[in-house]
Amino acid sequence: MKRRNFQLAPRLADSLQIPRDLSLREPVLTFTGKSELCVENYRKILEYNQHFICIETKNFRFSVEGRDLKIQYYTGEEMKIIGCFEKIFFHC
Amino acid sequence: MTGKGVRFLKGYVQIRLISREPERFLNLCAHAGVELWDLLYKGHAYEFCLSVSDFFRLQPFCRKTGSRVLILKKNGMPFFLHRNRKRKAFFLGIFLAGAILFLLSCFIWNIHIEGNHANTTREILDHLETLGIAHGTVKTSIDCPELAAELRREFPDMIWVSARIEGTRLILNIKENEESYEPNSEKEHVDDTPADLIASEDGIVQSIVTRRGTPAALPGSEVKKGDVLVSGMLEITGDSGEVISRRYVAADADIRLVTQEAYEDHFPLKHQVRVYQKKNSWYPVIRIFDWQFQLGFFTDRDSPQDRCLTLQPVHLTENFVLPLSLGKMVQKIYSTKTRTYSDKEAEALAQKRLEAYCAKLSKEKIKVLSQDVKISVNETSCTSKGTLTLLKEAVNSRPCQPPKEPQNKK
């Protein structure tokens, strides 16, 4: 008999209708056009230069490629990246 | 995130980070709650801004990651004040400005009145002045509840008054009893002398509502001038209908009479007309208190002319009028010509004058029920003649005349 992949926390959060960014600390990525990205619930910056930025979250990493990338503000909970975005990759 | 204004007030620095592990440095900053902004990668180094207090917390992170930081620019109020510490007049100016602002904030500079219809703002402001409250009065000298009570005492038709001070504004919210408001109430001075109400003109009684006295006329009855409409005599009768005694009161009633009034109006067809020149000359005028200064003069003083002076008082706030008025004096030169009305023009003018007369009667609470007016135009003049049927309170008061007692036969 196969054992079911039973994950309690996500199911509980869904049943209680709690947003996953609060219950599971899932990252929230908010794009405004192709020039502004607001990232919440991230862990750390892995790499940053003016053409590339790679950010680690709890479950995955993602990277943004573009031109003139600039971090407008950077705190422990939230950061905002502005520039001209060209590619976005999610590394699972 | 801290706002730009707070950052400026607290002061912040722009620094350049030269590091082997810049990402680790940034992550350490984020975990320690150091807020960074305007982070930019520039020529193998990172430039960003952070507050002065956070800058002094960077030393352990630099040691851990082998980084060096260089201050590029110091911004904000603390650095600005430090740079200008030797400019004494500048700081004196700031201090004086603050002191003046504080001093001026202790006075009332705007009196705002809302909700008044029957009592004009000017009347209320004048009364406030008699109480010692005007623009420039010290705020602490104003007792708002006492002021509200005083206004209610002075203006009886105000049923609710709220006075409050907001900043340098004195705000008066007023609620007036509009139903009982009568601008020219003559009934306030009731004369208690026994009197009858008599008709002041011939007419037909349309309605009669008696408050005091004995009605002597019914609606629809025809009355002559001098007829008693409401008698001031009250007869008190016994059970058998016999008059026991008589009391005399001042009769009071609302009586509306339908009366006829002759209307006649005539005017000559020839009349003078002023033809004004298209171009008017003017010069500015300034009035300070009662002194008027004219900043110019007119060259043509002999031609017939109208001079029109327009002055606009300068307001500092809504009701704070300065003793300074600005305006202009306009000279309108005209020539006089004699014109004659055509028949149509004359009829239209006669009709207009009749309407103006009816409007004047309406203002006197006289209703025009019908008008039978004929307009005739002859060679020299226009005449309007006819009768107006009016509905009005054509009533006068006359002292009671007690009936003569019948002489008892002995």
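The values are calculated or read from the model by the stated rules, or taken from the named source; none is laboratory data. All values derive from a computational prediction rather than experimental measurement. Neighbour counts are summed over all protein chains in view; Cβ atoms, including those assigned to glycine, are modelled from backbone coordinates with ideal geometry.
Within the stretch B:9-20, how many residues are farther than 20 Å from A:LEU46 by Cα and either more than 14 Å from chain A (Cβ to nearest Cβ) or free of Cβ contacts under 8 Å to residues at least 12 places away in the same chain (or both)?
Result for the stretch B:9-20: 4.
For the stretch A:71-78, does any single residue satisfy the condition of being more than 21 Å from B:LEU17 (Cβ to Cβ) and exposed (fewer than 13 other Cβ atoms within 10 Å of the Cβ)?
Yes, the stretch A:71-78 contains a residue that is more than 21 Å from B:LEU17 (Cβ to Cβ) and exposed (fewer than 13 other Cβ atoms within 10 Å of the Cβ).
For residues that are more than 15 Å from B:GLN59 (Cα to Cα) and of a type in the set (Ser, Thr, Tyr), scanning just the stretch B:1-34, find the one that is surrounded by the fewest Cβ atoms within 10 Å (Cβ to Cβ).
Looking at the filtered set, the residue picked out is B:THR2.
Take residues that are touching a Leu at 6+ places or on another chain (Cβ under 7 Å) and away from chain A (no Cβ under 14 Å) and tell me which of the helices (runs of 4 or more DSSP H) falling wholly in the stretch B:21-92 contain 3 or more.
Result: empty, no element qualifies.
So for the stretch B:319-331 (the condition being assigned to a loop (DSSP other than H, G, I, E, B) and out of contact with any Pro (no Cβ under 9 Å at 6 or more places or on another chain)), does at least one residue qualify?
Checking the stretch B:319-331: at least one residue is assigned to a loop (DSSP other than H, G, I, E, B) and out of contact with any Pro (no Cβ under 9 Å at 6 or more places or on another chain).
Report the residue count in the stretch A:9-44 for those that are buried (at least 16 other Cβ atoms within 10 Å of the Cβ) and without any contact (Cβ under 8 Å) to a residue 12 or more places away in the chain.
1
Can you confirm whether the stretch B:305-321 contains a residue that is of a type in the set (Asp, Glu), within 40 Å of the chain's Cα centre (by Cα), within 16 Å of B:SER281 (Cα to Cα) and modelled with pLDDT of 90 or more?
The answer is yes; a qualifying residue exists.
Given the stretch A:28-70, what strands (runs of 3 or more DSSP E) lie entirely inside it while holding 3 or more residues that are modelled with pLDDT of 90 or more and within 12 Å of another protein chain (Cβ to nearest Cβ)?
In the stretch A:28-70, A:42-48, A:52-57 are the strands (runs of 3 or more DSSP E) which contain 3 or more residues that are modelled with pLDDT of 90 or more and within 12 Å of another protein chain (Cβ to nearest Cβ).
Of the conditions (1) touching a residue at least 60 places away in the same chain (Cβ under 8 Å); (2) touching a strand residue (DSSP E or B) at 6+ places or on another chain (Cβ under 6 Å); (3) not aromatic (Phe, Trp, Tyr), B:VAL321 clears all except one; give me its number.
(1)
Being within 30 Å of B:LYS344 (Cα to Cα), at pLDDT 90 or above, part of a strand (DSSP E or B) and not assigned by TED's automatic domain parsing to the domain that holds B:ILE171, is that true of even one residue in the stretch B:275-285?
yes
So, of the residues in the stretch B:39-91 that are small (Gly, Ala, Ser) and closer than 12 Å to B:GLN14 by Cβ, which turns out to be surrounded by the most Cβ atoms within 10 Å (Cβ to Cβ)?
Step by step, filter the stretch B:39-91, then rank; the result is B:SER51.
How many of the residues making up the stretch B:147-173 are among the polar types (S, T, N, Q) and either outside the structural domain of B:LEU103 (by TED's automatic domain parsing) or within 13 Å of B:ILE113 (Cα to Cα) (or both)?
2
When the residues of the stretch B:332-347 are narrowed to those that are part of a helix (DSSP H, G or I) and surrounded by fewer than 14 Cβ atoms within 10 Å (Cβ to Cβ), which ends up farthest from the chain's Cα centre (by Cα)?
B:ASP343
If A:TYR74 satisfies every condition in (1) away from chain B (no Cβ under 14 Å); (2) closer than 27 Å to B:GLY3 by Cβ but one, which is the exception?
Of everything listed in (1) away from chain B (no Cβ under 14 Å); (2) closer than 27 Å to B:GLY3 by Cβ, A:TYR74 misses just condition (1).
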